Structures are given as C-alpha cells and as structure tokens.
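One structure below.
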Amino acid sequence: MSATSAWQELCYTANKDQIDALEDWLFAAGAVSVTLEDDADQPLLEPGPGETPLWDAVRLTALFPGDMDLQPLLDMTPPLPVLETPREPVRVMDQEWTRVWEEQFHPMKMGTRLWICPSWTPPPDPDAINILLDPGLAFGTGTHPTTAMCLRAIDAGLSEGQRVIDYGCGSGILGIAAARLGAATVLAVDNDPQAITASCDNAARNQVDDATFSAVLPDDASLHGALASADWVLANILAGPLIELAPHLISLMAPGGRLLLAGLLSDQVEEVVAAYAPAVNLRVVDQVEDWVLLAGQRTG
Ligand SMILES: C[S@@+](CC[C@H](N)C(=O)[O-])C[C@H]1O[C@@H](n2cnc3c(N)ncnc32)[C@H](O)[C@@H]1O
C-alpha cells in the first residue's frame with residue numbers, strides 16, 4: 001500500500017433521520033470512522049440538555065482501509081433512501097487521516113477504572129488503568145458503542161486471576177483491558193490475520209506480556225486446549241456470526257463462566273438469546289442507541 005493512499009473515503013448526503021441507520025450500515029461494512037458535516041451551511045443553535053442536534057441535510061464521510069474493495073458496497077443500496085450516494089471512493093493521504101483522527105479521538109473513560117487513550121494526548125488520570133491505543137486497520141478503539149459497552153462491563157465485573165477469551169478481538173482492546181484489569185490469561189481470537197498482528201502489537205505497547213496474552217486464528221490448537229476453561233468469553237461481532245459461533249463459544253466456557261455478547265441490534269436479541277439457550281441464560285444488560293449488550297452465565 002502506498003504511503004499516499006492508505007485510506008479511502010465514501011461520501012453520502014442524507015436527511016438527519018436516516019443518519020443512524022446509514023452510520024450503522026457503514027460501520028458493519030468495515031468503515032473505521034464516520035464523520036458528519038452540515039451539507040447546507042445551516043447553523044445549529046445551542047442544544048437543550050440531553051439533545052444531540054443534527055442539521056437537516058447531513059454530509060456523511062466514511063473512512064475505509066485503502067486496500068479494501070469498495071465496489072460491492074458501491075453496488076449496494078443503502079438501508080434507507082439517501083439524498084446522494086458516492087460514485088467512487090476518494091483516496092486519502094495518510095497525513096490527512098492522522099490529522100482527522102487527532103482532532104476526533106480523545107481519551108475516553110470506560111467505567112470506573114479504565115481509560116482508553118490515544119498516544120498524542122497525555123492520559124488525563126495517570127493513576128487509572130490507561131490503555132494506549134491508536135486507530136489502526138483493526139476494529140476497536142473504544143469509540144464504537146459496542147466496544148464501549150463491553151469495556152464498561154468488564155471494568156465492573158472482572159476479578160483478578162480470571163481466564164478470558166476475547167473472540168473477534170480486532171485491535172485486542174477488550175482482551176488487553178481484561179489483562180490490565182488483572183486477568184490471569186487472555187486468549188484473543190480473530191479470523192483476520194491483521195487483527196492478530198494488531199492485537200499482539202497493542203498488547204506489547206500496553207506492557208501485557210506474552211505469558212498473559214496471546215492472539216491466534218480460530219483454527220489454532222490452543223483453542224482445543226481452552227475448552228471449558230474460560231471464566232469470561234467476550235465476543236463483539238455481528239448477530240449472524242454470534243449465532244453461528246454459539247456452540248463453539250459455549251464449549252469454551254467454564255461451568256459458571258460468563259459470556260458477554262455485543263454487535264447485535266435490539267431487534268436481533270431474541271434470535272441470539274435462543275441460539276445460546278439453555279446453556280447460557282443471556283439477557284440484555286446495556287443498550288446504547290440501537291446496539292445492545294447481552295450477558296449471561298454458563299449453567300450446569
Ligand atoms: C466489531 S469487531 C470487534 C473488535 C473488538 N473486539 C472490539 O470490541 O472493538 C469484530 C471482529 O471480529 C472478527 N470476526 C468476525 N467474524 C469472526 C469469526 N467468525 N471468527 C473470528 N473472528 C471474527 C472481525 O475480523 C473483527 O476483527
């Protein structure tokens with residue numbers, strides 16, 4: 001990949017009512033960030049408490065890795081009618097992308113003990129558990145609601161010495177946070193080799209050693225050795241793979257072990273819960289916008 005075309009953008013224009021669905025659709029298709037701008041030079045007045053106002057017509061720019069084939073996405077119809085769709089991707093210089101992220105990505109507090117901090121800003125609370133993480137090719141910076149809900153749940157519930165499997169690890173953010181919160185071992189799994197590399201790099205950067213943290217592809221032998229061992233299985237994937245993976249994820253859980261599932265929308269809860277019953281009694285424990293977090297315990 002050349003240094004000047006590491007990223008590409010797709011720009012859509014839509015009415016504000018369509019933005020949430022369009023944003024979710026683009027993230028699910030592999031966008032690493034989505035930026036919203038006024039499309040009609042319409043000023044926004046001071047918002048009331050709890051309001052997040054948007055302009056009537058919004059220009060939405062989605063950023064994708066430069067080597068991703070966007071033609072299938074360009075050929076697809078968005079989930080709702082939009083005012084304008086892109087004809088082709090716009091190549092983005094590395095430097096511009098970095099500047100955009102530095103403006104948008106700030107330290108984020110997750111629960112009571114954890115902070116996710118980019119490298120270009122000093123951690124606001126040096127005594128907290130600070131996970132240093134910059135945006136990269138693998139999903140997982142904490143900015144997405146599904147990641148944030150998982151981080152808050154493990155911050156609240158994980159105990160020292162527990163064994164964790166982070167299935168669909170992306171950047172490794174959940175497993176690294178678990179290790180820094182005191183997990184004895186973390187086995188991170190992803191079917192994207194780039195995520196394995198990113199997770200190992202990010203673990204090393206956060207002083208998580210190889211004896212505690214390893215990242216492997218799903219067919220790695222270490223997963224056979226991990227059967228019925230995990231005190232926590234974390235999986236932030238989409239509803240389809242979560243349903244397909246149900247027997248496998250259940251088989252990794254120790255009796256009484258906990259399961260956290262994210263990446264599904266509120267109207268997908270019933271079918272995901274059914275796929276894990278009766279082995280795991282899942283229920284909704286958090287929700288941000290339309291994204292829900294399911295948690296449950298291995299019975300028997
Ligand atoms: C939404 S990202 C989550 C990343 C990170 N765990 C987080 O919470 O931000 C989902 C990840 O799951 C991986 N993935 C999708 N399907 C998978 C499967 N069947 N087996 C293993 N990994 C999978 C993707 O490659 C991606 O890295």
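The values are calculated or read from the model by the stated rules, or taken from the named source; none is laboratory data. What you are looking at is a predicted structure, and each value in this text was computed from that prediction instead of being measured. Don't worry about glycine lacking a Cβ; one is built from the backbone with ideal geometry, like all the others, and counts go over all protein chains shown. Remember, those area values only see protein heavy atoms, side chains included, never the ligands or the DNA or RNA. Shrake-Rupley method; radii C 1.70, N 1.55, O 1.52, S 1.80 Å.
Quick notes on this structure:
- Yes/no for G300 being open to solvent by 20 Å² or more (accessible area, probe 1.4 Å) and within 15 Å of the ligand (Cβ to nearest atom): no
- For the stretch 259-276, a residue qualifies if it is more than 16 Å from the ligand (Cβ to nearest atom) and either open to solvent by 60 Å² or more (accessible area, probe 1.4 Å) or aromatic (F, W, Y) (or both), and the qualifying residues are D267, E270, E271, A274.
- Test: residue in the stretch 245-256 that is within 17 Å of L151 (Cα to Cα) and either aromatic (F, W, Y) or open to solvent by less than 20 Å² (accessible area, probe 1.4 Å) (or both): no
- Boolean, E88 is at pLDDT below 85, more than 25 Å from the chain's Cα centre (by Cα) and either outside the structural domain of D192 (by TED's automatic domain parsing) or farther than 22 Å from P145 by Cβ (or both): no
- Residues being in a loop (DSSP other than H, G, I, E, B) and near the ligand (Cβ under 8 Å from one of its atoms) - total across the stretch 174-190: 1
- Residue match in the stretch 191-201 (condition: assigned to a helix (DSSP H, G or I), more than 13 Å from the ligand (Cβ to nearest atom) and either farther than 24 Å from L294 by Cα or among the hydrophobic types (A, V, I, L, M, F, W, C) (or both)): yes
- Test for L242: is it within 13 Å of the ligand (Cβ to nearest atom), out of contact with any Pro (no Cβ under 6 Å at 6 or more places or on another chain) and assigned to a strand (DSSP E or B): no
- Hits in the stretch 224-239 - residues which are within 14 Å of the ligand (Cβ to nearest atom) and part of a helix (DSSP H, G or I): A239
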